[in-house]
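Here's the structure we're looking at; comments come further down.
The values are calculated or read from the model by the stated rules, or taken from the named source; none is laboratory data. Computed from a predicted structure; not experimentally measured. FYI the Cβ positions are ideal-geometry reconstructions off the backbone, even for glycines, and counts take in every protein chain you see.
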There are 2 protein chains.
Amino acid sequence: MTELKQKILAAVEDDLNDIEKALNDNLTPYLDLVSEVAGHLLFSGGKRLRPLLMVLSARLCGYTGSYDKTFSTALEYLHTATLLHDDLVDDATMRRGKQVAHANWGNSITVLVGDYLLARALSIAAGTGILRVIQILAELTENMSQGEVHQLMRKGDINLKEEEYLEVIRRKTAMLFEAACRVSAVLADAPRETENSLAEYGYNLGIAFQMADDLFDYTLTTSDLGKKVGADLREGKLTLPVIHALGNASNGDREAMIQIIRNQDFSDEEFRALVVLLDKHGGLSYTSEVAASYIDNAKTSLSIFNPSPTKDIMIDIADYALKRKI
Amino acid sequence: MTELKQKILAAVEDDLNDIEKALNDNLTPYLDLVSEVAGHLLFSGGKRLRPLLMVLSARLCGYTGSYDKTFSTALEYLHTATLLHDDLVDDATMRRGKQVAHANWGNSITVLVGDYLLARALSIAAGTGILRVIQILAELTENMSQGEVHQLMRKGDINLKEEEYLEVIRRKTAMLFEAACRVSAVLADAPRETENSLAEYGYNLGIAFQMADDLFDYTLTTSDLGKKVGADLREGKLTLPVIHALGNASNGDREAMIQIIRNQDFSDEEFRALVVLLDKHGGLSYTSEVAASYIDNAKTSLSIFNPSPTKDIMIDIADYALKRKI
């Protein structure tokens with residue numbers, strides 16, 4: 001474990017324990033099977049980043065109520081619901097080193113348990129008694145599903161441009177981070193300026209986080225990643241490292257890359273050749289740089305807050321988003 | 001068209017037109033593909049029973065606001081979302097005489113568009129600004145997905161009892177009817193007694209409606225039904241006609257029925273033989289009688305309301321639930 005990760009984990013240990021307990025306590029289906037399927041993914045070593053960001057943001061706003069941990073589960077349930085459905089959509093086989101839910105229980109149960117988690121998240125949001133919190137989460141859910149549809153529509157399209165990639169990851173990932181931070185401010189009854197700063201922190205962090213994830217698919221090993229490297233490309237997902245390298249490459253190298261991309265059954269050797277080309281044409285370094293600039297924006301967004309241990313952790317988390325190994 | 005149906009349609013023509021317009025106006029994805037997939041099922045000749053019940057119930061409570069038609073779309077979007085996911089879960093091929101969405105666009109898009117509609121329904125509920133309305137719909141969504149899981153868990157189980165069947169249809173169908181009527185009273189700020197009476201009307205109507213649907217699978221022709229008769233049984237869904245007949249039959253007939261049920265690839269001839277046995281052992285008449293008693297309960301629930309044209313239509317709709325041919 002890196003030093004930074006250790007530092008963060010030590011600082012938020014109690015919060016993570018409370019969140020874990022809340023995730024258990026608030027999952028209350030009447031059918032054991034629903035708990036089992038939801039729990040398979042929900043309790044498989046997720047980082048709890050979204051609920052944690054919510055809890056920390058609320059603290060930064062001076063929130064002193066007792067509903068933050070309970071409410072934070074809505075964000076993790078929503079995230080888990082989308083992962084269940086996305087793994088199915090992508091026909092994925094592994095997630096966090098485990099077999100995906102639909103491989104164990106079939107597509108049908110997985111769709112329905114995803115629906116349950118989605119509804120549970122909105123029920124918990126309703127439990128805040130604050131309309132704007134509910135509106136933010138409901139709109140977020142609309143956007144997330146559309147982001148996924150958008151990604152699916154562009155599957156395998158080698159002409160995908162950076163702007164459209166950004167539009168997709170904005171909806172499918174960044175808006176959930178943004179919402180996690182924004183609703184905290186609403187819950188804490190913070191001024192709109194504070195709310196917007198936190199939302200901006202979340203949004204920028206979310207974009208960078210997704211870019212880092214997209215990079216991992218080319219730079220990590222399968223065992224670090226918990227799923228086979230190159231999975232994005234096998235699923236036809238063109239991400240920033242590829243988009244940038246394709247735009248930058250000479251005709252010969254561009255054709256070589258396209259050939260590997262188009263053959264979704266590429267060998268490990270072909271995949272390694274592709275990574276070399278991505279690197280040669282700046283796809284990897286460019287993605288790192290862009291992600292780093294979003295992290296800078298995220299940290300700058302916190303400048304309106306006075307120095308505090310909570311602010312320090314949120315800055316550490318921003319740095320960690322890029323430095324992590326999954 | 002039956003006389004009763006004509007009478008109802010004449011009475012609610014304006015409402016249905018308004019609801020249709022609202023369904024168009026409130027479906028606002030940024031992707032055309034999402035409109036297209038959602039619209040394929042949403043505008044395929046559904047009865048609009050759930051939004052209509054909502055609008056009529058609100059009127060019965062003296063609601064004079066202007067949000068009822070807009071809000072009623074939440075119930076139809078939610079219903080459509082569950083149909084999209086259920087058809088996928090059941091691996092259905094036809095719905096309302098058309099190919100199902102997942103056969104046209106694939107499972108992935110269908111899951112995601114279902115998610116979008118589900119989220120859209122909750123966004124619209126949030127638009128009422130009334131917390132209880134949102135809580136009712138969010139809890140309903142939790143229950144509906146669990147009802148479907150429950151049904152799936154008991155797939156093909158010839159020992160399914162009437163009580164468990166009732167538990168399933170309560171969640172998967174009746175609670176949506178109940179919620180449609182209940183939220184109207186909340187929207188109209190009606191007293192709790194009024195709200196509970198309307199909820200009871202909706203609940204009883206919903207149970208009867210589902211029982212009638214389950215009966216249609218054995219008593220209608222494929223062209224009336226808009227999908228192949230016997231589909232429930234082919235999907236392993238044991239409904240009241242079968243449950244009752246199995247419980248009532250002598251050993252020989254029981255075994256004959258079980259043999260057909262277990263062979264989900266049964267021929268049309270075998271299916272006709274099964275229907276004869278269901279009839280012989282009272283499965284069809286019993287289901288009609290039980291459904292009729294729920295309809296009586298539904299109508300009785302309206303007794304607290306003074307006579308009015310709106311009340312008359314709601315009584316007609318209750319009668320129509322059994323007398324309809326789909």
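Details
- Any hit, region B:288-296, residues being in a helix (DSSP H, G or I), over 26 Å from the mean Cα position of the chain (by Cα), of a type outside the set (K, R) and closer than 26 Å to B:A321 by Cα: no
- Considering residues of region B:78-119 that are within 15 Å of the chain's Cα centre (by Cα) and of a type in the set (V, I, T) only, the residue surrounded by the fewest Cβ atoms within 10 Å (Cβ to Cβ): B:T82
- Filtering region A:37-68 to residues that are free of Cβ contacts under 8 Å to residues at least 24 places away in the same chain and not polar (S, T, N, Q) leaves A:G39, A:F43, A:K47.
- Of all the criteria given as (1) farther than 30 Å from B:V168 by Cβ; (2) surrounded by fewer than 17 Cβ atoms within 10 Å (Cβ to Cβ); (3) touching a residue at least 12 places away in the same chain (Cβ under 8 Å); (4) of a type in the set (G, A, S), the one not satisfied by A:A10 is (3).
- Beta carbons closer than 6 Å, at least 6 apart along the sequence or on distinct chains, pair a first residue in region A:267-284 that is under 15 Å from A:L215 (Cα atoms) with a second that is outside any helix (DSSP H, G or I) and at pLDDT 95 or above for A:H281/A:A249.
- Conditions (1) under 21 Å from A:A174 (Cα atoms); (2) out of contact with any helix residue (DSSP H, G or I) (no Cβ under 8 Å at 6 or more places or on another chain): number failed by A:A103: (1)
- Set B:G247, B:G230, B:G282: member being on the phi > 0 side of the Ramachandran plot and surrounded by fewer than 18 Cβ atoms within 10 Å (Cβ to Cβ): B:G282
- Of the residues examined, B:E289 is not one that is surrounded by fewer than 19 Cβ atoms within 10 Å (Cβ to Cβ) and either farther than 30 Å from B:L60 by Cβ or modelled with pLDDT under 95 (or both).
- Spans of helices (runs of 4 or more DSSP H) in region A:189-269 with at least 3 residues within 17 Å of the chain's Cα centre (by Cα) and among the acidic types (D, E): A:192-219
- Region B:78-92, residues that are in a helix (DSSP H, G or I) and either within 12 Å of chain A (Cβ to nearest Cβ) or among the small types (G, A, S) (or both): B:L78, B:A81, B:T82, B:L84, B:H85, B:D86, B:D87, B:L88, B:V89
- Residue in region B:41-60 that is within 21 Å of A:H85 (Cα to Cα), modelled with pLDDT under 95, within 21 Å of the chain's Cα centre (by Cα) and more than 13 Å from chain A (Cβ to nearest Cβ) present: yes
- In region A:151-176, the residue that is farthest from A:N263 (Cα to Cα) out of those that are in contact with a Lys or Arg (Cβ under 7 Å, 6 or more places away or on another chain) and either buried (at least 24 other Cβ atoms within 10 Å of the Cβ) or aliphatic (A, V, I, L, M) (or both) is A:L176.
- If the condition is being closer than 14 Å to B:L16 by Cα and outside any helix (DSSP H, G or I), then region B:28-72 contributes B:F43, B:G45, B:G46, B:K47, B:R48.
- Boolean, B:L75 is at the interface with chain A (Cβ under 9 Å from one of its Cβ atoms) and either crowded, with 21+ Cβ neighbours inside 10 Å or in a helix (DSSP H, G or I) (or both): no
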